[in-house]
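Structure below; questions to follow.
Values in this text are rule-based calculations from the coordinates and carry no lab data. Remember, it's a predicted structure, so these values are computed and weren't measured experimentally. Cβ coordinates were reconstructed from backbone atoms using ideal geometry, including for glycine residues, and neighbour counts include every protein chain displayed.
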Amino acid sequence: MSAGTLEISGLTTSYGPVTALDTVDITAERGQVTAVLGANGAGKSTLLRTISGLVRPAAGQVLLDGTDLTHAPAEAIARAGIAHVPEGRGVITELTVEENLRLGAMLGASRRRTERGLAQVYEMFPPLAQRRRHDAHVLSGGERQMLVIGRALLSGPDVLLLDEPSLGLAPRIVAQIFGLLRDLVDSDGVTVLLVEQNARSALSIADVGVVLNLGRVVARDAAAALAADDGLRHAYLGF
Ligand code: ATP
């Protein structure tokens, strides 16, 4: 098994009386984008928050390359190689672009590793390189999304959890960011779990997709097969 296989089994998470995730099984493989789709409230954000240790599951397991991380603290999960980019960005506008990126470097990472990571992020996202010394408040919505993805990449993750990276962005910018994401997966072999309400765009770059409804998996298949399923699209995917 190559590094970066994320296996989720029987995962169940509740908020008081609300069961947000109900016995969910998902395997995400290295070098693949796994799209997690579904309407508002389907449990997508809860899935990512449970994987990264921000909320605790009532049952089930999260394994990274066979190592059980289910009850590990969030810091340990991050150190194990899982980076979470939550919905809503989290750019610190008073810091420069580069200062924001450096926050993503692992505590204790060597200077050389950090500089190499920065160079890679700048190569991948040229608008960030151009604005590296500017305060981040000058960035557009799309550039802010590049920044938070870049910051996550600076920790050198095996697994990238992305929550709604298309939110609030124009279709052209979504296509650009998703294209860059696909390039990243193809060149670095990272494992991506991509949570999206924008199912059409997500399926266009994903390898496989999982559809959640009310916390349960209602479909899983190759991305192209899901996109071609009219009944499923109308019932759950909104396009
Ligand atoms: P969205 O796109 O709106 O974030 P989602 O698919 O990510 O939707 P979740 O945010 O995971 O769905 O929510 C799943 C369910 O859990 C919903 O019924 C939601 O109301 C509930 N929920 C989410 N967060 C909490 C919380 N902190 N406390 C109580 N209930 C919550």
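Would you mind getting the Kirkwood hydrodynamic radius of the range 1-103 from its Cα pairs, rounded to one decimal in Å?
Computed over Cα pairs of the range 1-103, the Kirkwood hydrodynamic radius comes out at 14.9 Å.
Using Stokes-Einstein with the Kirkwood hydrodynamic radius over Cα pairs, what translational diffusion coefficient do you get for the range 70-161 at 4 °C and a viscosity of 1.567 mPa s, in µm²/s rounded to a whole number?
Reported coefficient: 97 µm²/s.
If you don't mind, there's one more thing I want to ask. Normalised radius of gyration for the range 164-239, please: alpha carbon Rg relative to 2.2 N^0.38 Å, two decimal places.
Against the compact-globule rule of thumb, the ratio is 1.10.
In debye, nearest 20: dipole of the range 1-91 around its Cα centre with unit charges on the Cβ of K, R (+) and D, E (-)?
Numbers: 6 positive and 8 negative charges, 58 e Å.
Roughly 280 debye, rounded to the nearest 20.
For the chain, compute Rg over Rh where Rg is the Cα radius of gyration and Rh is the Kirkwood radius from the inverse mean 1/r over Cα pairs.
Radius of gyration relative to Kirkwood radius: 0.96.
Please give, to one decimal in nm, the separation of the simple spin-label points placed at residue 115 and residue 222, each 7 Å out from Cα toward the Cβ.
4.6 nm
Compute the helix-to-body angle for 171-188: its Cα long axis versus the longest principal axis of the chain, expressed 0 to 90° and rounded to tens.
The two axes meet at around 90 degrees.
Another question, then. Mean separation of Cα pairs under 8 Å and 6+ residues apart, divided by the residue count of the range 12-171: what relative contact order is that in percent?
The value is 25 percent.
Oh, and also: If you take the C-alpha gyration tensor of the range 26-74, multiply each eigenvalue by 5 and take the square root, what semi-axes do you get, largest first, in whole Å? The partial results should precede the final answer.
Values: eigenvalues 68, 53, 14 Å².
Result for the range 26-74: semi-axes of 18, 16, 8 Å.
If you plug each phi of the range 153-169 into the Karplus form 6.51 cos²θ - 1.76 cosθ + 1.60 with θ = phi - 60°, what whole-Hz ³J(HN,Hα) values come out, in order, with x for Gly and Pro?
Karplus-based 3J(HN,Hα) across the range 153-169 equals 5, 5, 7, x, x, 8, 10, 10, 9, 10, 9, 6, x, 8, 4, x, 9 Hz.
Highest mean first, how do 175-184, 105-114 rank when packing is the count of other Cβ atoms within 10 Å averaged over residues?
175-184, 105-114
Which FRET efficiency value, to the nearest 0.05, is calculated for residue 76 and residue 167 with the Förster distance at 25 angstrom and r the Cβ-Cβ distance? Before the final figure, lay out the partial values.
Working: r = 29 Å, r/R0 = 1.14.
Here the calculated transfer efficiency is 0.30.
Same structure, new question: In debye to the nearest 20, how big a dipole does the chain give about its Cα centre with +1 on each Lys and Arg Cβ and -1 on each Asp and Glu Cβ? Let's see the in-between values first.
Numbers: 22 positive and 26 negative charges, 116 e Å.
That gives the chain a dipole magnitude of about 560 debye.
Next up: Restricting to Cα pairs below 8 Å that are 6+ residues apart, what does the relative contact order work out to for the range 77-232? Please round to a whole percent.
Values: 202 pairs, mean separation 37.7, N = 156.
Once divided by the residue count of the range 77-232, the mean separation gives 24 percent.
Something else about it: At 0.36 nm per residue, minus the direct Cα-Cα distance, what do residue 106 and residue 234 gain on full extension? Give it in nm, one decimal, please.
Net length gain for the segment: 41.8 nm.
Using a Förster radius of 30 Å, what is the FRET efficiency between residue 25 and residue 186 based on their Cβ-Cβ separation? Nearest 0.05, please.
Rounded to the nearest 0.05, the efficiency is 0.70.
Find how much the distance from residue 130 to residue 63 grows on full extension, using 0.36 nm per residue of separation minus their present alpha carbon separation; answer in nm with one decimal.
On the way: separation 67, 0.36 × 67 = 24.12 nm, distance 3.88 nm.
Contour length minus the Cα-Cα distance gives 20.2 nm.
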